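Notes follow once the structure below has been shown.
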Amino acid sequence: MRTIAIGLLGAGNVGGGVLRILEENRDAIERRLAARLKVHAVAVRDVGRQRHVDVPIDLITDDASAVVADEEVRVVVELIGGIEPARTLVLDALRRGKHVVTANKALLATHGRELFAEAAKHRVNLHFEGAVAGGIPILRTLREGLASDRIVGVRAIVNGTSNYILDSMTRAGLDYDAALSQAQRAGYAEADPALDVGGQDAAQKLALMALLAFGLRVDPIQIPTEGITRVRPFDIAAARELGYVVKSLAVARQTDDGLVLGVHPAFVPQDSILAGVHGAFNAVLVESQALGPSLYFGRGAGMMPTGMAVVSDLVEVCRAVLSPTEGPPPQAFAVIHDAAPLSVDDETCENYLCMHVPNLPGILGRVATCLGRHQVSIKTLKQDPQGVGEPVDMIIRTESVRERNLQAALAEIDSLPDVLAPTHRFRICPPDPLD
Ligand SMILES: NC(=O)c1ccc[n+]([C@@H]2O[C@H](COP(=O)([O-])OP(=O)(O)OC[C@H]3O[C@@H](n4cnc5c(N)ncnc54)[C@H](OP(=O)(O)O)[C@@H]3O)[C@@H](O)[C@H]2O)c1
């Protein structure tokens, strides 16, 4: 039986999962491939460190470049994370004609163009299923499973940290800071959660999904992105009263004019599929023309789910190594175009607005005048009783309105002297296509 030598860069969470899966599922993998996958070397930063998984002493090294350069290594698995030295190591591996598997969304989102070009030039594979939604095989589904269909939209929960925090706020009644601390204690949030709660992690994943779903390469920095840090228990309670749950969504929609992309917290109907995605789970709802809606759900992170996705990529890459005409399989799209997301100015939706104002005569009139001046119609209005002059939260649900008009109205409202804080605004999603 042929043996394929693997060079593993990183033996932390995901690297540990990869080692465990390769060990525990060795027979099943050999039966699938009719070949043996052998971990030839494992590079880490600190060889003396205690690990989740024991790495044999003769395999471990702190010289990642030497692992990449090792003539025997046929496939390099990059699980170091971050940009450098991961970028240099991956480029070196590709230039040496080695296939690469990675779960590094930050690297692909910022240097994808350079890395994919290098992979194509050297006719090797660069696979990255673990980079989006952890263990859920969503990239393979977009690339292969739906290859004959026309994907028109994606609505997804792809940041487990944000979902865990919003879920704790919704179900346990915690405020944002307490929910974040709980997520950190449970291992679902990093010590520095900025990229997760700020939405940038989800934007990077959305850019990778757009690449495979639409053949369009988008710079994640151009995706309109809003995090969850302004979500308050008050908004969660108001959403519940209206029949909604607050979720952080990554949304892509193909229109005749181009691609609409966005990451933002939104109200989703309480009985919708996405409202039922709890804790750190992920879900991706894909809308395609022939199949209609389809849902992909599971663990979006963690040692074993992400390790599984990485090893599945390894199996696929090793099939290419074993094929008599070794080389990369055709990409999802033979031609990939660069694209900028369309402006969301002409997007329309209903909205929840919460204005913090003093309970004084005339304030409602001034707010309503600003809304009316920009054709923003009020669907419902609610305000809890307060003493005269006391601060109060005025909740307005708008009819479906154009983003441009809403933003113009909010700019005016927030500059009124008696508005005490910037308006809290959330989009209200229509029901999922699966509901
Ligand atoms: N964790 C998840 O659930 C998850 C989910 C999806 C995708 N990912 C992605 O998977 C990748 C790995 O994440 P992780 O959570 O496994 O990270 P991690 O636990 O921090 O592991 C990183 C590993 O890289 C090693 N390393 C760091 N710098 C190195 C260097 N210069 N040379 C050689 N080795 C080096 C570390 O060595 P030491 O052990 O000696 O420190 C460690 O073993 C990241 O790109 C991440 O975004 C993670």
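Just so you know, all these numbers are worked out from the coordinates, no wet-lab data involved. What you are looking at is a predicted structure, and each value in this text was computed from that prediction instead of being measured. Here the Cβ is made from the backbone with ideal geometry for all residues, glycine too, and neighbour counts use every protein chain on show.
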Legend entry - Under Karplus coefficients 6.51, -1.76 and 1.60, residue-wise ³J(HN,Hα) of the stretch 242-254 in Hz, glycine/proline x: 8, x, 10, 10, 8, 10, 8, 10, 10, 10, 10, 9, 8
Inset, instruction - Pull up the cross-link candidates among the aspartates and glutamates for Lys382, meaning alpha carbon to alpha carbon under 20 Å and not fewer than 8 places away within one chain. - result: Asp235, Glu241, Glu350, Glu390, Asp393, Glu399, Asp414, Asp418
Legend entry - Proximal lysines to Lys98, defined as alpha-carbon separation beneath 30 angstrom and excluding residues fewer than eight positions away on the same chain: Lys38, Lys121, Lys205
Inset, instruction - Read phi for every residue in the stretch 352-365 and hand back ³J(HN,Hα) as whole Hz from Karplus 6.51 cos²θ - 1.76 cosθ + 1.60, θ = phi - 60°, with x for Gly and Pro. - result: 9, 10, 10, 10, 9, 9, x, 7, 10, x, x, 5, 4, x
Legend entry - Average Cα contact separation per residue, the chain, under 8 Å, 6 or more apart, as relative contact order %: 16 percent
Inset, instruction - Please order Ser294, Ser323, Ser248, Ser162 by the number of other Cβ within 10 Å, starting at the fewest. - result: Ser323, Ser294, Ser248, Ser162
Legend entry - Dipole of the stretch 122-180, positive end: most advanced residue of Met169, Asn159, Leu142 [Cβ charges, Cα centre]: Leu142
Inset, instruction - Using 0.36 nm per residue of separation minus the Cα-Cα distance, give me the extension gain between Asp62 and Gln375 in nm, one decimal. - result: 106.4 nm
Legend entry - Size of charge dipole - the stretch 284-416 - debye, nearest 20, with Cβ of Lys, Arg +1 and Asp, Glu -1, no other charges: 280 debye
Inset, instruction - Using the Karplus curve 6.51 cos²θ - 1.76 cosθ + 1.60 with θ = phi - 60°, work out ³J(HN,Hα) for each residue of the stretch 89-104 in order, rounded to whole Hz, and write x for Gly and Pro. - result: 5, 5, 4, 4, 4, 4, 5, 7, x, 9, 6, 10, 10, 9, 10, 8
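Multiplying the sequence separation of Asp345 and Thr88 by 0.36 nm and subtracting their Cα-Cα distance, what value in nm do you get?
Gain in length upon complete extension: 88.6 nm.
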Inset, instruction - For Val152, list long-range residues whose amide hydrogen, built 1.01 Å from N in the peptide plane, is under 5 Å from its own amide hydrogen. - result: Glu287, Ser288, Gln289
Legend entry - Ellipticity estimate at 222 nm from DSSP helix runs (n ≥ 4, -39,500 (n - 2.57)) divided over the chain, nearest 500: -10500 deg cm²/dmol
Inset, instruction - With label points built 7 Å along Cα→Cβ from the Cα atoms of Leu295 and Arg96, find their separation and express it in nm. - result: 4.5 nm
Inset, instruction - Please compute the Cα-Cα pair-distance distribution of the stretch 55-119 with 5 Å bins starting at 0, giving whole percents from short to long. - result: 3, 18, 31, 26, 14, 6, 2, 0
Inset, instruction - Would you mind working out the magnitude of the charge dipole of the stretch 1-154 relative to its Cα centre, with +1 at each Lys and Arg C-beta and -1 at each Asp and Glu C-beta, to the nearest 20 Debye? - result: 520 debye
Legend entry - Rounded to the nearest 20 debye, dipole of the chain from Cβ charges on Lys, Arg, Asp, Glu: 740 debye
Legend entry - Förster radius 30 Å - calculated FRET efficiency between Arg45 and Ala147 (Cβ-Cβ, nearest 0.05): 0.15
Inset, instruction - In nm, give the distance between the simple-model label positions of Gln407 and Arg366, each being 7 Å from the Cα along the Cα-to-Cβ direction. - result: 2.5 nm
